[in-house]
Amino acid sequence: EAEQTDRLAKELAVPATDDGAKYNWVSKGSGPRVPATVRAIWDGKSFLQEAPEGETVGVVTDVTSFYPESGGQLFDSGKITTADGTVFVVSNVQKFGAYILHIGALGSGAVKVGGKVDLEVDYERRALCAANHTSTHLLNWALRKVLAGSTIDQRGSIVGPDKLRFDFSYGKPMRTEEIAEVQTLVRELIRAGCPVQRQEVALAAAKQVKSLRAVFGEVYPDPVRVVSVGPVPHTIDELLAAPEREDWMRLSVEFCGGTHMDNTAEADTFTIISEEGTAKGVRRLTAYTREAAKAAQDAATEFEKRVETASGLADMAALDQEISAMRMDVDGIVMDYVRKDAIKKRIDALKDRVLAAEKETVRLKTEAALKWVEGLALEPTPRHLVEVVDVDGDTKAVDAAMRALTARAPELPVLLLSRSAGGDRVSCLAVVPPARGADAREWVNAALEHCGGKGGGKADRAQGAAKEAAGFDKAVQGAR
């Protein structure tokens with residue numbers, strides 16, 4: 001990089017790119033075509049006199065309205081056109097030393113060094129970036145307010161047309177309540193329609209402003225561009241005239257060379273979609289503005305309707321199945337983080353309801369099984385006992401019945417079978433006292449082979465299950 005920029009300056013006598021025009025635009029999504037002259041073309045290896053068709057090259061012009069990637073904000077895109085209609089599509093813009101490099105490709109025609117061109121930024125895309133960039137400043141301010149008492153410093157950010165990402169110093173995950181409060185503060189500033197002030201001022205004077213936020217370790221130019229926004233009417237000159245004024249703490253004041261909205265209302269709305277750790281002591285918030293933010297809110301609304309529908313299910317098996325599906329789906333859907341957390345808690349509450357219902361069902365089935373055992377008449381000297389327990393195939397109830405039976409007749413080999421009302425489950429349990437010399441596993445398998453199932457366990461106690469209840473009667477007869 002240094003070698004190429006040095007050659008541009010000394011050997012090719014190319015003056016530094018004047019990029020002041022990048023601030024001349026309307027943040028609602030429009031701006032001028034800027035006339036310029038091509039000063040250099042770079043193909044990654046050497047400087048050319050003409051851009052080859054179909055190949056990616058970088059074009060340096062004397063002036064530019066394009067914003068190069070800097071300060072966390074992604075580059076502009078757009079096109080460079082010649083008088084004869086030739087179009088060079090700009091897909092990336094980077095700054096190298098004093099020069100702005102427009103990176104892209106030429107479909108057909110010619111772009112030559114010394115040629116006159118027009119620069120056309122995709123201002124609608126930039127407007128999306130600007131909404132996210134200004135909202136990042138609002139987010140930074142809100143974090144300091146909500147997490148008061150902690151040292152909150154910016155550790156980096158990425159601002160693009162689709163989302164904003166903000167890294168900051170904080171030693172633990174944010175609580176959902178804190179995220180909700182931050183989100184509310186940012187939304188309030190957007191609804192308030194606060195003007196966004198931008199001005200280039202002396203670095204030393206700007207550093208005296210009470211509410212100034214700067215990026216840790218960043219080296220700023222002098223003069224520096226100041227961006228301020230908030231609910232207190234002000235100008236940047238007023239900030240500099242009374243830098244210690246307490247009211248300024250209600251403002252977001254930052255050094256920033258990026259492109260911004262003219263008014264916070266242009267962001268429309270704001271939605272945080274994730275909070276995560278990226279390194280020790282560093283947290284990251286990702287958020288949307290405009291249509292993407294609304295879509296994330298709409299996604300939460302739709303999922304809330306799904307949870308509400310699930311909560312009306314009386315069939316606990318169907319509800320449990322839907323709970324499993326919702327748990328799988330919810331994390332894969334981009335939505336409002338705060339509402340997603342509430343949705344997860346509602347799903348957990350539904351699961352508690354299912355577990356409570358299952359617990360009550362087991363209690364009732366166990367109670368029925370024990371009453372059945374109490375009423376069972378045993379022969380004086382039976383060789384063994386095979387019985388059907390009417391507990392809907394519930395293994396816990398069958399086990400309770402077995403314990404009660406073996407307590408009554410500890411020397412008696414017992415095999416119990418039960419099938420579900422739906423015919424999709426068969427439970428089998430056998431107990432054989434060691435003195436009898438038989439194997440409980442063989443007994444269980446002899447019964448369950450008629451239902452396509454099998455068992456396992458030990459010689460004195462074995463259990464098994466099957467899913468084909470059609471052969472249930474044969475299983476009972478086979479066991480006897």
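Remarks
- Residues in segment 30-51 that are in contact with a Leu (Cβ under 9 Å, 6 or more places away or on another chain) and buried (at least 16 other Cβ atoms within 10 Å of the Cβ) were compared, and the one that is farthest from PRO195 (Cα to Cα) is PHE47.
- Strands (runs of 3 or more DSSP E) contained entirely in segment 1-115, each with at least 2 residues that are in contact with a His (Cβ under 6 Å, 6 or more places away or on another chain): 87-96
- Odd one out for ALA296 among (1) surrounded by fewer than 20 Cβ atoms within 10 Å (Cβ to Cβ); (2) without any contact (Cβ under 8 Å) to a residue 60 or more places away in the chain; (3) in contact with an Asp or Glu (Cβ under 6 Å, 6 or more places away or on another chain): (1)
- Only one of the listed residues (GLU181, GLU124, GLU120) is over 30 Å from GLY31 (Cα atoms) and modelled with pLDDT of 95 or more. That residue is GLU181.
- Qualifying strands (runs of 3 or more DSSP E) (wholly inside segment 228-324; at least 2 residues being among the hydroxyl-bearing types (Ser, Thr, Tyr), modelled with pLDDT of 95 or more and under 30 Å from ALA21 (Cα atoms)): 282-289
- The residue of segment 333-373 that is surrounded by the most Cβ atoms within 10 Å (Cβ to Cβ), among those that are of a type in the set (A, V, I, L, M, F, W, C) and closer than 16 Å to ALA317 by Cα, is ILE347.
The values are calculated or read from the model by the stated rules, or taken from the named source; none is laboratory data. Just so it is clear, the model here is predicted, and its values are computed rather than measured. Every residue, glycine among them, receives a Cβ derived from its backbone with ideal geometry; neighbour counts consider all protein chains shown.
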